[in-house]
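Some notes on the structure that comes next.
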Amino acid sequence: PEFILLQDRMLRRADKKGQALELLEASQQSIDPKWYLKKRRDLLQELGWDPAYQEAARLYLEAGYTDEP
């Protein structure tokens, strides 16, 4: 589980964003909820899936997370 986000990043950088999203979804229970929501939101935006991105962004904010340090 500690390497899921690393593998996800490698897939994204290899322009395999669909596979990265599949990995993220399949590993949801093994990832800190903040990182799952953030990475899912970011991937949907990168894929250009605007309605899904908007929903993911809303869920991220409703969970109380922000991109501010």
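The values are calculated or read from the model by the stated rules, or taken from the named source; none is laboratory data. Note that the structure is predicted; figures quoted are calculated from it, not measured. With ideal geometry, Cβ positions are generated from the backbone for all residues, glycine too; neighbour counts draw on all protein chains shown. Heavy atoms of the whole protein, side chains included, go into the accessibility calculation; ligands, DNA and RNA do not. Shrake-Rupley method; radii C 1.70, N 1.55, O 1.52, S 1.80 Å.
Structure above, values below:
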read-out: Over the chain, relative contact order from alpha-carbon pairs under 8 Å, at least 6 apart, %; value: 25
read-out: Dipole of the chain, positive end: most advanced residue of 14, 43, 60 [Cβ charges, Cα centre]; value: 14
read-out: For region 1-65: rounded, prolate or oblate by the Cα gyration tensor [a/c cutoff 1.5]; value: oblate
read-out: Å² of accessible area per residue within the chain, as computed with a 1.4 Å probe and no ligands counted; value: 71
read-out: Protein accessible area in the chain, 1.4 Å probe - carbon and sulfur %; value: 51
read-out: Charge dipole (debye, nearest 20) of the chain; +1 at Cβ of Lys and Arg, -1 at Cβ of Asp and Glu; value: 160
